[in-house]
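First the structure, in the form of structure tokens, and then the observations on it.
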Amino acid sequence: MVIGIDSYHDKGGGQSVGGIVASINPRITRWYSRVCHQHQGQELVDGLKPCFLGALKKYQQVNNALPTDIVVFRDGVGDGQLAIVGDHEVSQLATSYKHFGETYEPKMSFVIVQKGINTRIFLNKGNQLDNPPPGTVVDHTIVRRDLYDFFLVSQHVRQGTVTPTHYVVAYGGDNLPVDRMQKLTYKLTHMYYNWPGTVRVPAPCQYAHKLAYLVGQNLKKDPHLDLSDRLFFL
């Protein structure tokens, strides 16, 4: 199971909205979505547990089994909140397992996605510099010494300098080999249905962003549960 989480903050003084989108089939082509409302400007998502429980129940209903591996991509978190968000939201997800029996303990990885960074990566072509091709990963030299992180260039730009995306594995880094985590992240950037190429972030993050924006900007209330397994927000 792959999960994307993002938040929307209403500049007009309304409530913030957290969007959660989770895959519900092995091919990662069907999605389950829920939202939770919270205080204005709050980035930490407090209502993850009921949303995550709903996603697990839907996955079990579709596949007659619970997921054994879960990868969560969390968008919209700055450097100052890395530890807080990781501990606060991972603990909510982990307490959901006991609802499915004492023996259910899936492997979970929690990855923080950062887009607003100043780092730029260039390809040296003799006497000139060019943008690196999509799929370029940098996981040494310029990464943090005390974190499990990497930079990924997933999109192609025709003008200007491409901006990489920074991924920080805040929890469960031992559950997937490093190269598999990087390949999974890159492949998920191809799976956003509204665009024929790659996007800057994994598809579940972009879905969660679109969902939170629609609910926070227009709907102002929870969508009907009958729509939870439809990509109505695209």
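The values are calculated or read from the model by the stated rules, or taken from the named source; none is laboratory data. Owing to the predicted nature of the structure, the values given are computational and were not obtained by experimental measurement. Reconstructed Cβ throughout: ideal geometry from the backbone, glycine too, with neighbour counts over all protein chains shown. Ligands, DNA and RNA are stripped out before the accessible areas are found, and what is left, the full protein with its side chains, is counted by its heavy atoms. Shrake-Rupley method; radii C 1.70, N 1.55, O 1.52, S 1.80 Å.
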Return the loop-located trypsin sites (Lys or Arg not before Pro) in segment 1-33 (DSSP other than H, G, I, E, B) with at most 11 other Cβ atoms within 10 Å of their own Cβ; answer none if there are none. Lys11, Arg27
With charges only on Cβ, +1 for K and R and -1 for D and E, what is the dipole size of the chain about its Cα centre, in debye, rounded to 20? 680 debye
With every protein chain kept in place and ligands, DNA and RNA left out, what is the accessible area per residue of the chain? Probe 1.4 Å, answer in Å². 51 Å²
Once the Cα atoms of helix 178-188 and of the chain are each reduced to a long axis, what angle between those two axes, in degrees from 0 to 90 to the nearest 10, is obtained? 80 degrees
Accessible surface of Asp179 - all protein chains present, 1.4 Å probe, nearest 10 Å²: 80 Å²
Residues other than Gly172 with Cβ under 15 Å of its Cβ, Lys/Arg counted +1 and Asp/Glu -1, net out at -3
Treating only the Cβ atoms of Lys and Arg (+1) and Asp and Glu (-1) as charged, compute the dipole magnitude of segment 155-218 about its Cα centre; round to the nearest 20 debye. 200 debye
Leaving out ligands, DNA and RNA, and with a 1.4 Å probe, what % of the accessible surface on the chain is carbon or sulfur? 49 percent
P(r) weight above 21 Å for the chain, C-alpha pairs, percent: 56 percent
Put +1 on the Cβ of each Lys and Arg and -1 on the Cβ of each Asp and Glu in the chain; which of Tyr97, Ser7, Val199 then has its Cα farthest toward the positive end of the dipole? Val199
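Given segment 1-127, what percent of its DSSP beta bridges are antiparallel, to the nearest 5?
Taking every DSSP beta bridge within segment 1-127, about 55 percent pair in antiparallel fashion.
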For the full complex of protein chains and a 1.4 angstrom probe, list Leu53, Leu147, Leu93 by accessible area with the highest value first. Leu147, Leu53, Leu93
Choose one answer from Pro164, Pro202, Pro106: the residue with the largest mean-square fluctuation in a GNM of the chain with alpha-carbon springs under 10 Å. Pro106
Taking the chain and counting helices only, DSSP H stretches of n ≥ 4 at -39,500 (n - 2.57) each over all residues, the nearest-500 ellipticity at 222 nm comes to -7000 deg cm²/dmol
Residue-level accessible surface for Lys49, protein heavy atoms, 1.4 Å, Å²: 60 Å²
Which value, in Å to one decimal place, does the Kirkwood hydrodynamic radius take for segment 3-61 when every pair of different Cα atoms is included? 12.1 Å
From the residues Ala170, Gln60, Pro132, which one has its Cα farthest along the dipole of the chain in the positive direction, the dipole being from +1 and -1 charges on Cβ of Lys/Arg and Asp/Glu about the Cα centre? Pro132
Rounded to the nearest 10, the angle in degrees between the Cα long axis of helix 82-94 and the longest principal axis of the Cα atoms of the chain comes to 40 degrees
0 to 90° range, to nearest 10: angle between helix 203-214 axis and the chain longest Cα axis: 60 degrees
Restrict the search to segment 21-109; then list the GluC sites (Glu not before Pro) that DSSP places in a loop and that have at most 13 other Cβ atoms within 10 Å of their Cβ. Glu102
